[in-house]
Amino acid sequence: MRTPSAWVFPSTMSFRGSHDVELRYGINPQQRLAEVAPTRSGQWPVRLLNGVPSYINLLDALNAWRLVSEASAALGKPAAASFKHVSPAGAAVDGPLDEVVRDLYQLGDTSVGALTGAYLRARDADPKSSYGDFAAVSHPIDDELADLLARVICDGVIAPGYAPGTVDKLSKKKNGRFLVLEADSTAVPPRRETREVSGLRLTQDRDAVPLTRDLFTLRHGEITAEATDDLLLGLAVLRYTQSNSVCYLRDGMTLGIGAGQQSRVDCTRLAGAKTDTWWLRRHPAVRALDFEPGLRRQDRINWQVRFIEGDLTKDEENRLAQVLRTPAVPPDAEERARWMHALTGVSFVSDGALPFRDNVDHAKRHGVSAIAEPGGSIRSDEVEAACREQGIALAHTGLRLFHH
């Protein structure tokens, strides 16, 4: 692991004065002037080791780093996140890899380290969206994870350190443009946050409430220790997901995240559809898709998802037939329903109070057995009654986690 005294910006960066750095561009390429400087003079919470970031790259990296560091601290395990457009496509802590993930990355029975496993689990939540992601991990990157990152379609990574030789290995990716950022794990963000919008300066206290199991106040049913950990991971995920947001989780990983919707039930349905896709990717009919040799991993993923979704255009039907060695037969409605009914033990977290019972009813369709939400809406009694009716355990946190 590199020491703080060794952290330096590459000479390719353009400095203004002693601290400000000129970025590649702002949120859009036409926003040519883009700079970044530490809020405390000379105290950089991250260091750029390779590449030239854009404005969005840094937003992804900084949000992803806070997510994995808080999740790891709360759960005592290595954590990883796969970020796209300033929200996580997936997040996970260390845990077992199932056969679907092992087959996708051609791992066989090979033992996989905790950090690599966490990232693979995070990326598997929504592998279509994780194409070209920004990766974040809570612990220093080792050779194994560096080898994986060098092989997948990923735009950059942030970690609290790097094993010898891994920065050089990653720096060769994308013709030298792969972004490598090192986070100072000892840095504490300022107590207050400020942003400027259309001539106004907005300042607020940073949301620094610790994420612990003590936040959960049981309202109905029983929640297992495993489900409690999933709910806790969900809180860390939603704290750094564009609101409104919800997520479904199981076994220490997200299955579906719904972000940035104006209607909470739309978030619930969107994330539920992603959860269904995650589970259907494990159906024998999907696993039996006989692709032509040499088809890229991401193309296989995308075709699996479209096969599951079922609403292929005529052009897609023709192109799918061209990449399959044998015709594919999707599960019929009855088989699909039987398979979905087998998905159980899912946890559900909402960043804001559930305003109506419809969120509970939709969550039940995706195997949910435990829900955590802030509580306190004018219809909280109706939401709790729905949980009782659906056999779902309910916990209130009293903590809203909006993020914008």
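If you check V383, V349, V360, which single one turns out to be buried (at least 22 other Cβ atoms within 10 Å of the Cβ), in contact with a Gly (Cβ under 6 Å, 6 or more places away or on another chain) and of a type outside the set (D, E)?
Values: V383 fails: in contact with a Gly (Cβ under 6 Å, 6 or more places away or on another chain); V360 fails: in contact with a Gly (Cβ under 6 Å, 6 or more places away or on another chain).
Being buried (at least 22 other Cβ atoms within 10 Å of the Cβ), in contact with a Gly (Cβ under 6 Å, 6 or more places away or on another chain) and of a type outside the set (D, E) holds for just one of V383, V349, V360, which is V349.
Could you please let me know if L120 is closer than 18 Å to A64 by Cβ and touching a strand residue (DSSP E or B) at 6+ places or on another chain (Cβ under 7 Å)? Outline the logic, then answer.
On the way: closer than 18 Å to A64 by Cβ: yes; touching a strand residue (DSSP E or B) at 6+ places or on another chain (Cβ under 7 Å): no.
No, not satisfied.
Given the structure, is G375 surrounded by fewer than 17 Cβ atoms within 10 Å (Cβ to Cβ), part of a loop (DSSP other than H, G, I, E, B) and on the phi > 0 side of the Ramachandran plot? Talk me through it step by step, then tell me what you get.
Details: surrounded by fewer than 17 Cβ atoms within 10 Å (Cβ to Cβ): no; part of a loop (DSSP other than H, G, I, E, B): yes; on the phi > 0 side of the Ramachandran plot: yes.
In short, no.
Before we move on, is Q30 among the polar types (S, T, N, Q), surrounded by fewer than 20 Cβ atoms within 10 Å (Cβ to Cβ), out of contact with any Leu (no Cβ under 8 Å at 6 or more places or on another chain) and under 23 Å from V305 (Cβ atoms)? Walk me through it before giving the result.
On the way: among the polar types (S, T, N, Q): yes; surrounded by fewer than 20 Cβ atoms within 10 Å (Cβ to Cβ): yes; out of contact with any Leu (no Cβ under 8 Å at 6 or more places or on another chain): yes; under 23 Å from V305 (Cβ atoms): no.
In short, no.
What about S243, is it of a type in the set (G, A, S) and outside the structural domain of A271 (by TED's automatic domain parsing)? Give the steps one after another, and end with the answer.
Numbers: of a type in the set (G, A, S): yes; outside the structural domain of A271 (by TED's automatic domain parsing): no.
The answer is no for S243.
Can you name every residue in the stretch 186-234 that is part of a loop (DSSP other than H, G, I, E, B), of a type in the set (S, T, N, Q) and surrounded by 10 or more Cβ atoms within 10 Å (Cβ to Cβ)?
Start the filter on the stretch 186-234 by keeping residues that are part of a loop (DSSP other than H, G, I, E, B), which leaves 186-191, 198-199, 206-212, 216, 221-224.
With of a type in the set (S, T, N, Q) added as a condition, the list becomes 186, 198, 212, 224.
Listed by number, the residues that qualify are T212, T224.
State whether one or more residues within the stretch 243-260 are in a helix (DSSP H, G or I) and of a type in the set (F, W, Y). Before you say what the answer is, go through the steps one by one.
Applying the first criterion (in a helix (DSSP H, G or I)) to the stretch 243-260 yields none.
No: the stretch 243-260 contains no residue that is in a helix (DSSP H, G or I) and of a type in the set (F, W, Y).
Examine the stretch 70-83 for a residue that is of a type in the set (K, R) and either modelled with pLDDT under 95 or under 14 Å from the mean Cα position of the chain (by Cα) (or both), and state whether such a residue exists.
Step one: filter the stretch 70-83 for residues of a type in the set (K, R), giving 77.
Those left that are additionally either modelled with pLDDT under 95 or under 14 Å from the mean Cα position of the chain (by Cα) (or both): none.
No, every residue in the stretch 70-83 fails to be of a type in the set (K, R) and either modelled with pLDDT under 95 or under 14 Å from the mean Cα position of the chain (by Cα) (or both).
Hey, any hits in the stretch 60-81 for a residue that's under 29 Å from P284 (Cα atoms), surrounded by 20 or more Cβ atoms within 10 Å (Cβ to Cβ) and in contact (Cβ under 8 Å) with a residue 24 or more places away in the chain? Break it down into steps so the answer makes sense when it comes.
Just the residues of the stretch 60-81 that are under 29 Å from P284 (Cα atoms), to begin with: 80-81.
Still in the list and also surrounded by 20 or more Cβ atoms within 10 Å (Cβ to Cβ): 80-81.
Next, only the ones that are in contact (Cβ under 8 Å) with a residue 24 or more places away in the chain stay: 80-81.
So far as the stretch 60-81 goes, yes, one or more of its residues are under 29 Å from P284 (Cα atoms), surrounded by 20 or more Cβ atoms within 10 Å (Cβ to Cβ) and in contact (Cβ under 8 Å) with a residue 24 or more places away in the chain.
Please count how many residues of the stretch 301-337 are assigned to a helix (DSSP H, G or I), buried (at least 17 other Cβ atoms within 10 Å of the Cβ) and touching a residue at least 40 places away in the same chain (Cβ under 8 Å).
3
Looking at the stretch 170-199, which of the residues that are among the aliphatic types (A, V, I, L, M) and modelled with pLDDT of 95 or more is farthest from the chain's Cα centre (by Cα)? Working first, answer last.
The first filter runs over the stretch 170-199 and keeps only residues among the aliphatic types (A, V, I, L, M), leaving 170, 179-181, 183, 187-188, 197.
In the following step, the residues that additionally are modelled with pLDDT of 95 or more were identified as 170, 179-181, 183.
Numbers: L170: 21, L179: 18, V180: 19, L181: 18, A183: 18 Å.
It comes out as L170.
The values are calculated or read from the model by the stated rules, or taken from the named source; none is laboratory data. Fair warning: this is a prediction, and the values are worked out from it, not measured in the lab. We place every Cβ from the backbone using ideal geometry, glycine too, and count neighbours over all the protein chains shown.
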